[in-house]
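In what follows, a single structure is set out as C-alpha cells and then discussed.
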C-alpha cells in the first residue's frame, strides 16, 4: 500500500498584508480587469508594486469572493456587483443575525445598534 502525505503551509493574513492580484483572481475566480475595475469603483484598493504587478489588501478577500459569486452565479456585471455589495453593507442588519462576511470585512461594527423596525 502506498501512503501519500501532503504538507500544507498556511499564513494568517492581517491588516497590513497584501495579496498579488493574480492570486486574488484564482481565489475569487475573477479576471484581472474585473479586480482593477472594482478597485476603480472603490470596492477595494490596489497598488502596483512594479509595472504590471498589482496587489490587493488581504482584508478585501471576503468582499471579492462575494463579488465573484455574484458575477458567476447571477451573471451580474462588475458595476452591478459593486452596487449590490455596497447596498448590502449600507443597510441596517437584523439584531438576530450577524452582519454578512462582506460587511464585517468592510467595517467590523457595521449595522450594530441599527435595527430596522417596521413602520
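Values quoted throughout were computed directly from the atomic coordinates according to the rules given, and no laboratory measurement underlies them. Please read these numbers as outputs of a predicted model, since none were measured by experiment. Every residue, glycine among them, receives a Cβ derived from its backbone with ideal geometry; neighbour counts consider all protein chains shown.
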Could you give the length gained on full extension between residue 49 and residue 3, defined as 0.36 nm per residue of separation minus the Cα-Cα distance, in nm? 12.4 nm
Can you put 46, 79 in order of Cβ neighbours within 10 angstrom, beginning with the fewest? 79, 46
For the residues 41, 85, what sequence is obtained by ranking on other C-beta atoms within 10 Å, fewest first? 41, 85
Subtract the Cα-Cα distance of residue 11 and residue 72 from 0.36 nm times their separation in residues, and report this length gain in nm to one decimal. 19.2 nm
Residues 19, 24, sorted so that the one with the fewest Cβ neighbours within 10 Å comes first: 19, 24
